[in-house]
Amino acid sequence: MRSLSCFPEVVIDFEKLRHINTGLGQFSLNLGREILKIRPDSFAPAFLMPRDSQRFFSDDNYRHIPVGLWKKEGLRKLLRPFEKFRSHQSSIAAWHITHQSSKYLPFNSKTPVLLTIHDLNFLQDNHEMATEGSLTARQNRKLAAVQRLVNRASVISTVSHFTEGEVRKFLQTDGKPIYVIPNGLAQPEAASPTRPTFLSPGEYYLTVGNCLRHKNFHVLIKMISEIPQSRLVIAGKKQTSYGAQLQKEIIRLGLENRIFMTGEVSQGDLQWLYENCEAFFFPSLAEGFGFPVLEAMQCGKPVFMARSTSLPEIAGQCGFFFDSFEPEHMANICCEGLRTFRMNSMKEQCQEHARTFSWERAAKAYINIYKSLLRLPL
């Protein structure tokens, strides 16, 4: 391990490693691993993360800062007026706030900050695009919280051009630089060797995500009723109020033997589902990026999705889109899309598109921003 003490230190907020299987958890894991793989030689990385998270990184070429209540902004803002009386200067030279809901900011009010904004999904809470002047009180509160982070930031990054547009539309950036750095796509874990026990033999369609209202899974239930003998697997946390509504609808329509709500599954089982499904569906109404779209394409599967938020940008020319959520329209798009996919041998095209999303490229882009904050040569 090289000595880190002689380098300026950049703190990177990986607190979301406590939810390792979420999008932000995977962002933290893969960005952290790639930064350590690159081994930057002009600054020292410090990872702000839960105490047990060191197990995720085989390379120890970083400083671990455990998260804790006293490090949260809610307490630090009370102490910050007294920072001038501290007897020593912090070694922290720059700080990366890695998501727009972070509660962790540098103590020193002069430390330069990079803020990454993944999405402003709360603006889609009413299932329609928000416009200035038409936000609910809850949306305004959430927007104000993000605005406070924007005010503190020196530089902003987003994970998609769609999110960049939302930031420019709804937040006051005061001319601060905004960089679009798409997320990468990690190599998948090995699939389970056998079919998951919850799924009987036969063809099936797949969708992935926690059962939250903006995921819009209920439109798939109605679509399945329009396609004879079709089956659907909904893989993700189902212990939610929306999940309970989905289960009631499945029973009401008599589709218990055709639609399977699995709850959370292992990474091995999830990869098996991706690799063996006939097609992947993602009708979500609010996505800052949309990892599942690329995970399905990585397996060479046709992907059908909503034409909303960042999804057209992420899917590119490889996706099929619903222009309405009427069950008959969705069923027709599905049948026509599968036929097009097979006739044009689009499997390799989808896999090649997925490979363009690189964590190495993303990490290098973030490292260049760190260097610019530290006024180091790129």
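List of remarks:
- Every pair of residues 6+ apart whose Cβ atoms lie under 7 Å, when the first sits in the range 135-155 and is surrounded by 16 or more Cβ atoms within 10 Å (Cβ to Cβ) and of a type in the set (Val, Ile, Thr) while the second is part of a helix (DSSP H, G or I) and at pLDDT 95 or above: Val155/Ile369; Val155/Leu373
- Lys248 in contact with a strand residue (DSSP E or B) (Cβ under 9 Å, 6 or more places away or on another chain) and either farther than 30 Å from Ile369 by Cβ or surrounded by fewer than 16 Cβ atoms within 10 Å (Cβ to Cβ) (or both): no
- Taken over the range 296-343, the criterion of being of a type in the set (Phe, Trp, Tyr) and farther than 14 Å from Phe282 by Cβ is satisfied by Phe341 alone.
- Test: residue in the range 305-316 that is open to solvent by 50 Å² or more (accessible area, probe 1.4 Å), closer than 17 Å to Glu278 by Cβ and hydrophobic (A, V, I, L, M, F, W, C): no
- Qualifying positions in the range 251-273 - among the aliphatic types (A, V, I, L, M) and open to solvent by 20 Å² or more (accessible area, probe 1.4 Å): Ile251, Leu253, Met261, Val265, Leu270
- For the range 183-211, a residue qualifies if it is more than 22 Å from the chain's Cα centre (by Cα) and among the aliphatic types (A, V, I, L, M), and exactly one does: Leu199.
- Residue check for Ala190: open to solvent by 60 Å² or more (accessible area, probe 1.4 Å) and either on the phi > 0 side of the Ramachandran plot or in a loop (DSSP other than H, G, I, E, B) (or both): yes
- Test for Gly316: is it in a helix (DSSP H, G or I) and modelled with pLDDT under 95: yes
- Selection count where residues are over 12 Å from Glu15 (Cα atoms) and either open to solvent by less than 20 Å² (accessible area, probe 1.4 Å) or among the aromatic types (Phe, Trp, Tyr) (or both), scope the range 93-104: 2
- Put simply, of Gly263, Gly243, Gly300 the only residue that is on the phi > 0 side of the Ramachandran plot, without any contact (Cβ under 8 Å) to a residue 40 or more places away in the chain and not charged (D, E, K, R) is Gly263.
- Taking (1) hydrophobic (A, V, I, L, M, F, W, C); (2) open to solvent by less than 10 Å² (accessible area, probe 1.4 Å); (3) outside any helix (DSSP H, G or I) in turn, Phe325 satisfies each apart from (2).
- Residue in the range 355-362 that is buried (at least 19 other Cβ atoms within 10 Å of the Cβ), at pLDDT 95 or above and assigned to a helix (DSSP H, G or I) present: yes
- Filter result for the condition that a residue is more than 24 Å from Glu336 (Cβ to Cβ) and touching a Pro at 6+ places or on another chain (Cβ under 9 Å), over Arg252, Arg213, Arg195: Arg195
- All conditions in (1) touching a strand residue (DSSP E or B) at 6+ places or on another chain (Cβ under 9 Å); (2) closer than 24 Å to Leu24 by Cβ hold for Pro302, with the sole exception of (2).
- Residue under evaluation Gln298, criteria (1) open to solvent by 10 Å² or more (accessible area, probe 1.4 Å); (2) farther than 28 Å from Pro196 by Cα, criterion not met: (2)
- Test: residue in the range 161-170 that is among the aromatic types (Phe, Trp, Tyr), at pLDDT below 95, open to solvent by 40 Å² or more (accessible area, probe 1.4 Å) and out of contact with any Cys (no Cβ under 8 Å at 6 or more places or on another chain): no
- Residue in the range 336-348 that is within 25 Å of Gln26 (Cβ to Cβ), within 20 Å of the chain's Cα centre (by Cα) and not in a strand (DSSP E or B) present: no
The values are calculated or read from the model by the stated rules, or taken from the named source; none is laboratory data. A quick note: this is a predicted structure, and the numbers were derived from the prediction, not measured. Methodologically, a virtual Cβ is constructed for each residue, glycine included, from the backbone with ideal geometry; neighbour enumeration extends over all protein chains shown. These area figures cover heavy atoms from the full protein model, side chains too; ligands, DNA and RNA do not enter into them. Shrake-Rupley method; radii C 1.70, N 1.55, O 1.52, S 1.80 Å.
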